[in-house]
Amino acid sequence: MHSKGHVNFGRKVACVVLFCLSSLVLAAAPDSVYTLQAGAHQALVRAITQDSVCPQIAFDHHAAHPMRLRVAPQVLPARPDQARTDAGPITFDARVCESRWPRHAKQARVAGQTVAAPHRRIERIVVIGDTGCRMKATENAFQDCNDPQRWPLARVAASAAALQPDLVLHVGDIHYRESPCPAGNAGCAGAAWGYGYQAWKEDFFTPAKPLLEAAPWVFVRGNHESCWRAGQGWFRFIAAEPWTPKRSCDAPANDLVADYSEPYTVALSRHTQLLVFDSSITAGKPYSPEDAAYQIYARQLALAQRLMRLAPINFFVSHHPLLAVTSHWSADKDAAGGNPGLLSVFASHFPQRLFPDGVKLTLSGHIHAFEAINFVSDHPSSLVLGNSGSGTDAKLPRAYPEGTTLYPGVQVGEYFASSDFGFATLDRQSKAGGEHWLLTEYSVEGKPTFACQVGQGQSHCYKAD
């Protein structure tokens, strides 16, 4: 009897082991696992999976548990306003899962994969922007997505990951694949397009994989991620705030909510923080104070000013620049490239400086180039970093156009610009008299091209050796 019972017990154990092994075999590895810095010292782990359930996550030596479902797979009809971009039905055939990173946890694993952990003190930031491969029929613009020389995001991500950053900052415009590749165009043949998951996967998650795994990310929302374009994917995959039906971009009736996200901060040290501002839907012309958008941006600017009190040094991050040279510059046109909608709001509250005194540096994208502008007047140094993948703006002037006024009262000191593909790093440099940062602009291959000493409101740039 005892022997028979022992045999039955062994069979049961064997069955349990076989069941566990079969479950492990059947469980698909997530497509992407990444960490977001969501403000207020809060980090989130996200996973995108085409499995039927969310993967398991384990923090430190604690037992693994299932991640929480953020949003399930879904097929959505195209929004009426997406007809301008050739969009058909939108297929999100992957589920998005997430977990909050416990405050004192040091490491995490998702389905056995190590996840990038938040750093208590940020020493190096990688900055990229405007990364997607442009496919847009209304402009007859079809980038060679199949050519890593003409669409270099995968190379940028590999080079940037090799520099071992503590944080990655994306200054917006991630999704560019809005129209199908024309027949006979070998450069983009077979490329996914539209606003569903497969286009997001090809345009960002697959090429950015090594950099997604290297460090936590801060994502800034660009105009390509506004509701009438790729906003649905933005809220599913990379928005810092919770996904809700009202904040999903699924229904145009909710756009006055979903097209505007509140600003938030990400601490870099006790003295310095990023202030992230959503400018995605801002207009290309000035607002009237009676406009709903003006009033929303005014409220968000007031909130941003309150958040700036958390640290004496603020790096203001928005997709659209306020002080920059336009990529549409020519000798017979004005070179001012600041966004007119944002300028009308900021100028009404801070008519001389445009920004509160706590802002010492601005970082943005939108212009597909690298620009570094220092001012003799009391304006924060301006960095434009929109050259990491989408077709660059070759007509940008290499020297500051004399006689150009970016904004009344602005006096430009130094101006550096490049239309080459690349990315940048910001490295902390502790010096007597305060905290400073060194910005380095790199080529796609990771070779330094420009360097800028970024101080408290001023910068000095030079060509890197």
So for the stretch 363-372 (the condition being under 19 Å from residue 401 (Cβ atoms) and touching a Cys at 6+ places or on another chain (Cβ under 9 Å)), does at least one residue qualify? yes
Which pairs have Cβ atoms under 7 Å, sit 6 or more apart or on different chains, and link a residue in the stretch 290-310 that is more than 12 Å from residue 262 (Cα to Cα) and at pLDDT 95 or above to one that is among the small types (Gly, Ala, Ser) and not in a helix (DSSP H, G or I)? 293/283; 294/288; 308/358
Strands (runs of 3 or more DSSP E) contained entirely in the stretch 359-465, each with at least 1 residues that are among the acidic types (Asp, Glu): 370-375, 412-418, 423-431, 434-442
Single residue of the stretch 192-217 satisfying the filter (acidic (Asp, Glu) and either surrounded by fewer than 20 Cβ atoms within 10 Å (Cβ to Cβ) or modelled with pLDDT under 95 (or both)) that is nearest to residue 37 (Cα to Cα): 213
Out of the residues in the stretch 28-61 meeting the condition of being β-branched (Val, Ile, Thr) and part of a strand (DSSP E or B), tell me which one is surrounded by the most Cβ atoms within 10 Å (Cβ to Cβ). 33
Please enumerate the residues belonging to the stretch 265-289 that are of a type in the set (Gly, Ala, Ser) and either without any contact (Cβ under 8 Å) to a residue 12 or more places away in the chain or part of a loop (DSSP other than H, G, I, E, B) (or both). 269, 279, 280, 283, 284, 288
Looking at the stretch 198-221, is at least one residue farther than 27 Å from residue 117 by Cα and in a loop (DSSP other than H, G, I, E, B)? no
Condition first: among the aromatic types (Phe, Trp, Tyr), in contact with a Gly (Cβ under 6 Å, 6 or more places away or on another chain), farther than 19 Å from residue 46 by Cβ and in contact (Cβ under 8 Å) with a residue 60 or more places away in the chain. Can you find one or more residues in the stretch 183-205 that meet it? no
For the stretch 89-191, which fully contained strands (runs of 3 or more DSSP E) count at least 2 residues that are buried (at least 22 other Cβ atoms within 10 Å of the Cβ)? 95-100, 108-110, 124-128, 167-170
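The values are calculated or read from the model by the stated rules, or taken from the named source; none is laboratory data. None of the values given here were measured: they were computed from a predicted structure. Ideal geometry is used to build each Cβ from the backbone, glycine not excepted, and the neighbour counts take in all protein chains shown.
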